[in-house]
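Right, one structure below, let's go through it.
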Amino acid sequence: MPGVGVKIYSVFFKLLLRHKLQSLAAAAAAAGGEDDAAAFGVSCRADEATAPSNPAFSAADGVASKDLHIDPNSSLSVRIFLPTPPPHPHSRRASEPPPAIANGGSAPYRGYLPHAVSSPRAAASARRRLPIVVQFHGGGFVSGSSSSAANDAFCRRVAKLCDAIVVAVGYRLAPESRYPAAFDDGVRVLRWIAKQANLAMMSKVGGGVDTFGASTVEPWIAAHGDPARCVLLGVSCGANIANFVTRKAVEDGKLFDPIKVVAQVLMYPFFIGSVPTHSEIRLANSYFYDKSTCILAWRLFLSEKEFSLDHPAANPLAPDRGGPPLKCMPPTLTVIAEHDWMRDRAIAYSEELRKVNVDAPVLDYKDTVHEFATLDVFLKTPQAQACAEDIAIWMKKYISLRGHEFSY
């Protein structure tokens, strides 16, 4: 069972969360119909703590980050995390860290230097491409952001453990932007990444680089990202978005070319349905996110006209969910917590995937609660660290160029 401190913190957390949702509901009712501001949306709440981006490689974890606003017509943004790249062969030995990091500081990003290498092996290292992890934060569709302190720390951990570029999506929040805004934003970001890869390929002419699209190319993704090794990772409601975007990528792969979604990770997905499961009954008043509060979040996300607990956004096994057949889905890792009322439906979805021969393991962590690996109060716990490491081990089966010997 969670400790006394967690139980006490959970009580205050639930009170504040319910008050916040009720305030948002009242504000939405007062605002009435949509206006230009509502169409633009918000991707971060003013009362939530954020972590500043740092384009230099941090001395703490060797990961650099930066923010980009990628859609002029909405508040959609991303925070990109880039782990320390391999050193230039003429600047220092491979085993040496960047000088500033070695001295306890931060090393500025200087890009890869693929020219003037001394051997084919060094050239291969200089051209090394990193897999891309597209991450969707949690928060019940109404709170959280790609730049929140907790999400920043989690994404840094994933970037370092997986040796991958992480693109954290700052999608539009409800009730200012209701369904399908957050889901459309997820699709838009994946298409934006594909565009960066295409521009990077089109700009290379005869071994050199021309200026075609130079003003719009994002250098971290264009220079270092491997679009053929893309993983979608969603946290809580972000898992619902990740699953939706994955289905879109499976259904219409040409739309996202050259992106290839090789796997997805669903961390305690925000699934629900009209027929209660055993865990939804037994754990309805569980820690941090009880069922009644989460239903209120769903009411803020879905319009009154289309509100249903069996909406395709809420229930992935609903009869009218549409999309591609489950057998076409990529490998899917599901993470669940022992004291989370949403666990049974996540397990059921994973079981349906396994029935059609999709690699869909479930990692079940004892004495844990919803968002145990991503909520700020839990980030430094052994369970949170172990969860990130387990995700990295499984993910490397699909993003490693050499394959990986571990499995579940």
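Worth pointing out:
- Residue under evaluation Ala153, criteria (1) within 14 Å of the chain's Cα centre (by Cα); (2) open to solvent by less than 40 Å² (accessible area, probe 1.4 Å), criterion not met: (2)
- Count of region 253-276 residues, restricted to those that are open to solvent by less than 10 Å² (accessible area, probe 1.4 Å) and either closer than 22 Å to Ile391 by Cα or assigned to a strand (DSSP E or B) (or both), is 9.
- Filter result (under 23 Å from Lys396 (Cα atoms) and either assigned to a helix (DSSP H, G or I) or touching a helix residue (DSSP H, G or I) at 6+ places or on another chain (Cβ under 6 Å) (or both)) within region 364-382: Tyr365, Phe372, Ala373, Thr374, Leu379, Pro382
- Pairs with Cβ under 6 Å, 6+ apart, first in region 252-265 and touching a residue at least 12 places away in the same chain (Cβ under 8 Å), second crowded, with 23+ Cβ neighbours inside 10 Å and of a type in the set (Ser, Thr, Tyr): Val261/Thr246; Gln264/Thr246; Gln264/Thr332
- Looking across region 332-366, the residues that are closer than 21 Å to Pro2 by Cα and in contact (Cβ under 8 Å) with a residue 40 or more places away in the chain come down to Val335, Ile336, Ala337, His339, Asp340, Trp341, Met342, Arg343, Asp344, Leu363.
- Among residues of region 296-325 that are within 22 Å of Val356 (Cβ to Cβ), those with a Cβ under 7 angstrom from a residue that is in a loop (DSSP other than H, G, I, E, B) and among the acidic types (Asp, Glu), sequence gap 6+ or separate chain, pair up as Pro312/Asp320; Ala318/Asp310.
- The residues listed here are Glu351, Glu306; of these, the one that is outside any strand (DSSP E or B), open to solvent by 50 Å² or more (accessible area, probe 1.4 Å), under 25 Å from Leu232 (Cα atoms) and acidic (Asp, Glu) is Glu351.
- The single residue among Ala318, Ala346 that is surrounded by fewer than 20 Cβ atoms within 10 Å (Cβ to Cβ) and either at pLDDT below 95 or closer than 25 Å to Met395 by Cα (or both) turns out to be Ala318.
- The residue pairs whose first member lies in region 371-390 and is in contact (Cβ under 8 Å) with a residue 24 or more places away in the chain and over 15 Å from Gly5 (Cβ atoms), whose second member is aromatic (Phe, Trp, Tyr) and surrounded by 15 or more Cβ atoms within 10 Å (Cβ to Cβ), and whose beta carbons are closer than 6 Å, counting only pairs six or more residues apart or on different chains, are Thr374/Phe154.
- The residues in region 30-48 that are modelled with pLDDT of 90 or more and not charged (D, E, K, R) can be counted, and the count is 6.
- Of the helices (runs of 4 or more DSSP H) lying entirely inside region 176-252, those containing at least 3 residues that are open to solvent by less than 10 Å² (accessible area, probe 1.4 Å), modelled with pLDDT of 95 or more and not hydroxyl-bearing (Ser, Thr, Tyr) are 181-202, 237-251.
- On inspection, Thr332 qualifies as farther than 30 Å from Ser23 by Cβ and crowded, with 22+ Cβ neighbours inside 10 Å.
- Qualifying residue in region 74-95 (condition: out of contact with any strand residue (DSSP E or B) (no Cβ under 7 Å at 6 or more places or on another chain), modelled with pLDDT of 80 or more and open to solvent by less than 40 Å² (accessible area, probe 1.4 Å)): yes
The values are calculated or read from the model by the stated rules, or taken from the named source; none is laboratory data. What you see is a predicted model, and the numbers here were worked out from it, not measured in a lab. When we count neighbours, we look across all protein chains shown, and the Cβ atoms used for this are built from the backbone with ideal geometry, even at glycine. Just the protein is used for accessible areas: all its heavy atoms, side chains included, with ligands, DNA and RNA removed. Shrake-Rupley method; radii C 1.70, N 1.55, O 1.52, S 1.80 Å.
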